[in-house]
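Read through the structure below, which is laid out as structure tokens, and then see the notes.
The values are calculated or read from the model by the stated rules, or taken from the named source; none is laboratory data. In this text the structure is predicted, and so the values were computed from the model without any measurement. Positions of Cβ are backbone-derived with ideal geometry, glycine not excepted, and every protein chain shown enters the neighbour counts.
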Amino acid sequence: MTLTFDALSQMALELPGVEVGTAFGAPTYKVGRKSLFYWNGDHGCPVFKVDFDERDFLIEADPETFFTTDHHRNWPCVLARPDRLDIGWVRENLRRVWRVQAPKKLLKAQDPG
């Protein structure tokens with residue numbers, strides 16, 4: 001199954017406080033003014049926030065799915081081919097990045113305990 005921009009957008013907007021903006025002229029989804037991901041129109045794929053170690057691991061483990069470009073090499077992110085992405089990985093990445101970047105007030109509002 002190919003992950004579409006619309007499906008990815010819907011997943012991101014299910015997270016509390018996520019807003020749509022732009023980055024590099026492309027749609028980006030943010031929480032607390034920090035990007036969760038954006039869609040790279042030049043490559044027709046999402047760009048996910050990950051740390052450098054995870055990016056290197058993903059590219060080494062699955063180069064058919066994950067890659068980087070010279071432009072992205074110095075940023076903590078990875079590009080992914082939408083027709084090869086695991087939806088479970090996408091959801092978990094969005095949730096994990098959301099938890100790290102969401103404002104404390106928003107996190108407290110989501111805490112059931």
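Quick rundown of the values:
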{"item": "Residues located in region 19-37, provided they are surrounded by fewer than 19 Cβ atoms within 10 Å (Cβ to Cβ) and in contact with a helix residue (DSSP H, G or I) (Cβ under 6 Å, 6 or more places away or on another chain)", "result": "Gly32, Lys34"}
{"item": "Condition check for Leu79: in contact with a His (Cβ under 7 Å, 6 or more places away or on another chain), farther than 24 Å from Lys105 by Cα and at pLDDT 95 or above", "result": "yes"}
{"item": "Residue count, region 1-27 (criterion: assigned to a loop (DSSP other than H, G, I, E, B), without any contact (Cβ under 8 Å) to a residue 60 or more places away in the chain and within 21 Å of Gln110 (Cβ to Cβ))", "result": "1"}
{"item": "Test set (1) at pLDDT below 95; (2) farther than 12 Å from Asn93 by Cβ; (3) in contact with a strand residue (DSSP E or B) (Cβ under 7 Å, 6 or more places away or on another chain) - Ile59 fails condition number", "result": "(1)"}
{"item": "Every residue from region 65-113 that is in a loop (DSSP other than H, G, I, E, B), in contact with a helix residue (DSSP H, G or I) (Cβ under 7 Å, 6 or more places away or on another chain) and of a type in the set (Val, Ile, Thr)", "result": "Thr68"}
{"item": "Residue in region 38-54 that is loosely packed, with under 14 Cβ neighbours inside 10 Å, closer than 21 Å to Leu3 by Cβ, touching a helix residue (DSSP H, G or I) at 6+ places or on another chain (Cβ under 8 Å) and modelled with pLDDT of 90 or more present", "result": "no"}
{"item": "Pairs, first touching a residue at least 24 places away in the same chain (Cβ under 8 Å) in region 50-78, second part of a helix (DSSP H, G or I) and surrounded by 11 or more Cβ atoms within 10 Å (Cβ to Cβ), C-beta under 6 Å, six or more apart", "result": "Pro76/Phe52; Val78/Arg55; Val78/Leu58"}
